[in-house]
Amino acid sequence: MNEKAAVRESLSRVKEYIPGKDIEYVKKRYGLDRVVKLASNENLYGASPKAIDAFKDFKDLHLYPPPQPEELIERISKYTGVEESKIVIGSGIDGILEGIFNIFLEKGDSVSISPPTFPYYITLATIHDAKIERLERDESFNIKVSNSPKSKITLICSPNNPTGNLERGETVREIVEESQGIIFIDEAYVEFSSSDLLEFTEYENVILARTFSKAFGLANLRIGYAIMPEWVKKEYLKVTTPFPVSTPAIKAACAALDDLEYMKSTVERIKRDRERVFKELLNFGAEVYPSEANFLFMRVTPSFCDEMMKRGVIVRDCSSFVGCRKGDVRVSIGRTADNEYFLEKAKEILGQDR
Ligand code: PMP
């Protein structure tokens, strides 16, 4: 068999996802007892104990889950204030994005992306053989719209990964109202931010996606949701895999929504620490940017990530993200003790640079 010829041609342009180093590897490699991972924007306080109990209590593992669970859709409707008929459950925002690309994109269509942003958008666009139109950002990483996107899909990430900024409402409105295509708004980090873009779900060309992976601490369960116009939902239900989310994940997400107090208390702690870490990094002389998410973006020396790893802190090297440069780093805000450990080690390195 000619293996190369068998594989879709677009995959020759797709870069494989390279996950960051894990804690056990770093412990072994550098002979360290304590390693802290602040590289994947997880909520290190973990999920609500009620969500963990709900997950553990489910025993009927031999049965298929409901394709679109009503008990969860009802709760999301209550949480967001959006009618149930517009809500769809999927296997994380990643799974939902895949479905949306499958609905709309044909070979040669274009997708508007504003780097630096979540790399999976480019991966998916490339797999689908789409042309990528670049929306530029200004020096504060806000999207500049001089010409409104003509693409089939425009992706807006707010707060943006990896830069942490919220997209301005007026920019989003201009894009939504003037674009001929679908606007996909990714609010993975919305619970950490001071405002949201929910008002745009009134438009017939807007899809807004959220996740239980970040603030709710359920990243391992792969569950998220999207709010979309009913005409898109109809198509979505044709392209989704028949059983996208497991029942333990559904039960845990329901319990997490029934215990919002827990999520909010961890988010408050993370936000408080985010501001403290931000100020400290500024004091150390780092070029660090304000953030509305559970991470901070910094422009530091190219050796920073390696030096941090040797000291037992894993942070995200963003130099391979389109639109980033060497020395661009994203650090997640963990529990207070993790953040203190990060600051202690960062000071050693940044102090040397001064
Ligand atoms: N969107 C953004 C901006 C993200 O950072 C991530 C997670 N890294 C995702 C989507 C994927 O989220 P999920 O776990 O819901 O697939």
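The values are calculated or read from the model by the stated rules, or taken from the named source; none is laboratory data. Quick caveat, the model's predicted, so the values are computed rather than measured. Quick reminder, even Gly has a Cβ in these numbers, built from the backbone with ideal geometry, and neighbours come from all protein chains shown.
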Item checked: Neighbours by Cβ (under 9 Å, 6+ apart or cross-chain): first from region 213-225, at positive phi; second of a type in the set (V, I, T) and more than 7 Å from the ligand (Cβ to nearest atom) -> G217/T266; R222/V245
Checklist line | Of residues in region 204-256 being among the aliphatic types (A, V, I, L, M) and surrounded by fewer than 20 Cβ atoms within 10 Å (Cβ to Cβ), the one farthest from the ligand (Cβ to nearest atom) | finding: L237
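Only one of I89, I93, I100 is among the β-branched types (V, I, T), closer than 28 Å to D328 by Cα, within 13 Å of the ligand (Cβ to nearest atom) and buried (at least 22 other Cβ atoms within 10 Å of the Cβ); which?
Values: I89 fails: closer than 28 Å to D328 by Cα; I100 fails: closer than 28 Å to D328 by Cα.
It is I93.
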Check: Give me the pairs: first residue in region 28-40 and of a type in the set (A, V, I, L, M, F, W, C), second residue part of a strand (DSSP E or B) and more than 16 Å from the ligand (Cβ to nearest atom), beta-carbon distance under 9 Å, and six or more apart or on different chains, which are they?
Finding: V35/V313; V36/V313; L38/V313
Next item on the list: Hey, can you tell me all the residues within region 103-121 that are closer than 15 Å to I185 by Cα and either more than 10 Å from the ligand (Cβ to nearest atom) or outside the structural domain of Y225 (by TED's automatic domain parsing) (or both)?
Entry: V111, S112, I113, S114, P115
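Report, by residue number, each residue of region 91-118 that is in a helix (DSSP H, G or I), under 14 Å from A130 (Cα atoms) and not acidic (D, E).
Step one: filter region 91-118 for residues in a helix (DSSP H, G or I), giving 92-104.
When the remaining residues are screened for being under 14 Å from A130 (Cα atoms), the result is 98, 100-104.
Correct list: I100, F101, N102, I103, F104.
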Check: In region 92-125, which residues are modelled with pLDDT of 95 or more and over 22 Å from K214 (Cβ atoms)?
Finding: N102, I103, F104, L105, D109, S110, V111, S112, A125
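Table: residues versus (1) of a type in the set (S, T, Y); (2) at pLDDT 95 or above; (3) surrounded by 13 or more Cβ atoms within 10 Å (Cβ to Cβ).
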residue	(1), (2), (3)
E3	no, no, no
I23	no, yes, yes
L32	no, yes, yes
V36	no, yes, yes
N41	no, yes, yes
K50	no, yes, yes
L61	no, yes, no
L72	no, yes, yes
Check: If we scan region 177-193, do we find a residue that is touching a strand residue (DSSP E or B) at 6+ places or on another chain (Cβ under 8 Å), of a type in the set (A, V, I, L, M, F, W, C) and more than 16 Å from the ligand (Cβ to nearest atom)?
Finding: yes
Item checked: For V300: the one exception among (1) in contact with a strand residue (DSSP E or B) (Cβ under 7 Å, 6 or more places away or on another chain); (2) closer than 17 Å to Y189 by Cβ; (3) among the β-branched types (V, I, T) -> (2)
Check: Which of the residues spanning region 204-225 are over 12 Å from the mean Cα position of the chain (by Cα), assigned to a strand (DSSP E or B) and of a type outside the set (F, W, Y)?
Finding: V206, I207, L208
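Which members of region 194-203 meet the condition of being closer than 23 Å to A256 by Cα and either within 16 Å of the ligand (Cβ to nearest atom) or in a loop (DSSP other than H, G, I, E, B) (or both)?
Going through region 194-203, the residues closer than 23 Å to A256 by Cα turn out to be 194-198.
Correct list: S194, S195, D196, L197.
Does I76 satisfy being in contact with an Asp or Glu (Cβ under 9 Å, 6 or more places away or on another chain), within 16 Å of the ligand (Cβ to nearest atom) and closer than 24 Å to F243 by Cβ?
Numbers: in contact with an Asp or Glu (Cβ under 9 Å, 6 or more places away or on another chain): yes; within 16 Å of the ligand (Cβ to nearest atom): yes; closer than 24 Å to F243 by Cβ: yes.
Spelling it out, I76 is indeed in contact with an Asp or Glu (Cβ under 9 Å, 6 or more places away or on another chain), within 16 Å of the ligand (Cβ to nearest atom) and closer than 24 Å to F243 by Cβ.
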Next item on the list: Look at region 146-172 and say how many of its residues are closer than 26 Å to I103 by Cα, more than 13 Å from the ligand (Cβ to nearest atom) and assigned to a loop (DSSP other than H, G, I, E, B).
Entry: 6
Check: How many residues are buried (at least 17 other Cβ atoms within 10 Å of the Cβ) and at pLDDT below 95 when one looks only at region 136-147?
Finding: 1
Item checked: Residues that are among the β-branched types (V, I, T) and either surrounded by 22 or more Cβ atoms within 10 Å (Cβ to Cβ) or touching a His at 6+ places or on another chain (Cβ under 7 Å) (or both), drawn from region 152-171 -> I153, T154, I156, T163
